[in-house]
1. Given the residues A140, A126, A119, A114, which is the only one that is in a helix (DSSP H, G or I), more than 26 Å from S24 (Cα to Cα) and of a type in the set (G, A, S)?
2. Can you list the helices (runs of 4 or more DSSP H) found entirely within the range 1-109 that contain at least 3 residues being under 26 Å from H158 (Cα atoms)?
3. What residue, of I93, I134, I179, is in contact with a strand residue (DSSP E or B) (Cβ under 9 Å, 6 or more places away or on another chain) and without any contact (Cβ under 8 Å) to a residue 60 or more places away in the chain?
4. Can you say whether T183 is outside any helix (DSSP H, G or I) and of a type in the set (S, T, Y), as far as the supplied structure shows?
5. Quick one: what pairs do we get from the range 19-39, first residue without any contact (Cβ under 8 Å) to a residue 24 or more places away in the chain, second β-branched (V, I, T), C-beta under 6 Å, 6+ apart or different chains?
6. Could you list, in sequence order, all residues of the range 149-196 that are modelled with pLDDT of 95 or more and of a type in the set (S, T, Y)?
7. Given the criteria at pLDDT 95 or above and over 17 Å from the mean Cα position of the chain (by Cα), does L137 qualify?
8. Would you confirm, using the coordinates I've provided, whether A33 is surrounded by fewer than 24 Cβ atoms within 10 Å (Cβ to Cβ), closer than 17 Å to V178 by Cα and out of contact with any strand residue (DSSP E or B) (no Cβ under 8 Å at 6 or more places or on another chain)?
Amino acid sequence: MADPQPGLMDREGAWVLLTEFTQSDSLRKHALAVEGAMRAYAERYGEDRESWGIAGMLHDFDYEVHPAAPHHPVKGAEILRARGTSPEVIHAILAHADYSGFPRVSRLDRALYACDELAGFITACALVRPGRAIAGLEPASVKKKLKDKGFARTVNRHDVYRGAEELGVDLDEHIAFVIGALTAVAPRLGLGGPAS
């Protein structure tokens, strides 16, 4: 497993940056959800959990300040460079937006793209379940809701399907994996059931 580069941003620094620019509780929880999925995929692929997690946490950190394309995530990348974020993480964040002009070339790039929309969609699925719990959510239920265009309308279905394809994983397997990753961090996401 690769070691993080010394002197670059760590998780604590990433959280400080996220909370500086992101006031919305739902956007912060989305950042934590994508971070959780990215850390799980990093472990699966033998990659650096810290840098993959930071990419997940910070992919939308500038969205409240720069919500329109192409400013998000391009303006955010300038801030990330100034704050000591690794070039690989910055590239992945830029590449998660199709319109940015940055191709997804690394596994990190493809994983971030694959986890972003799906983590948001799975969260939406969990929020309408009894007790707002993600535990026990089945991939078949998620796939059924993906077909319902009225449910979680802002989630780009094309990105969900394309993300799994670009990452080279079966969609059912990808959904199950991300459900598992989010279940592991459910209390942070407010998806742990009545006690969360």
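1. Selected residue: A140, the only one of A140, A126, A119, A114 that is in a helix (DSSP H, G or I), more than 26 Å from S24 (Cα to Cα) and of a type in the set (G, A, S).
2. 25-45, 49-58, 71-82, 87-95
3. I134
4. Working: outside any helix (DSSP H, G or I): no; of a type in the set (S, T, Y): yes.
Here the answer is no, as T183 does not meet what is asked.
5. That search, which allows pairs on different chains as well, returns R28/T22.
6. Residues satisfying the conditions are Y161, T183.
7. Values: at pLDDT 95 or above: yes; over 17 Å from the mean Cα position of the chain (by Cα): yes.
Considered against the rule, which asks whether it is at pLDDT 95 or above and over 17 Å from the mean Cα position of the chain (by Cα), L137 comes out as yes.
8. Numbers: surrounded by fewer than 24 Cβ atoms within 10 Å (Cβ to Cβ): no; closer than 17 Å to V178 by Cα: yes; out of contact with any strand residue (DSSP E or B) (no Cβ under 8 Å at 6 or more places or on another chain): yes.
Against the criterion (surrounded by fewer than 24 Cβ atoms within 10 Å (Cβ to Cβ), closer than 17 Å to V178 by Cα and out of contact with any strand residue (DSSP E or B) (no Cβ under 8 Å at 6 or more places or on another chain)), A33 does not qualify.
The values are calculated or read from the model by the stated rules, or taken from the named source; none is laboratory data. What you are looking at is a predicted structure, and each value in this text was computed from that prediction instead of being measured. Cβ atoms come from the backbone with ideal geometry, glycine included; neighbour counts cover every protein chain shown.
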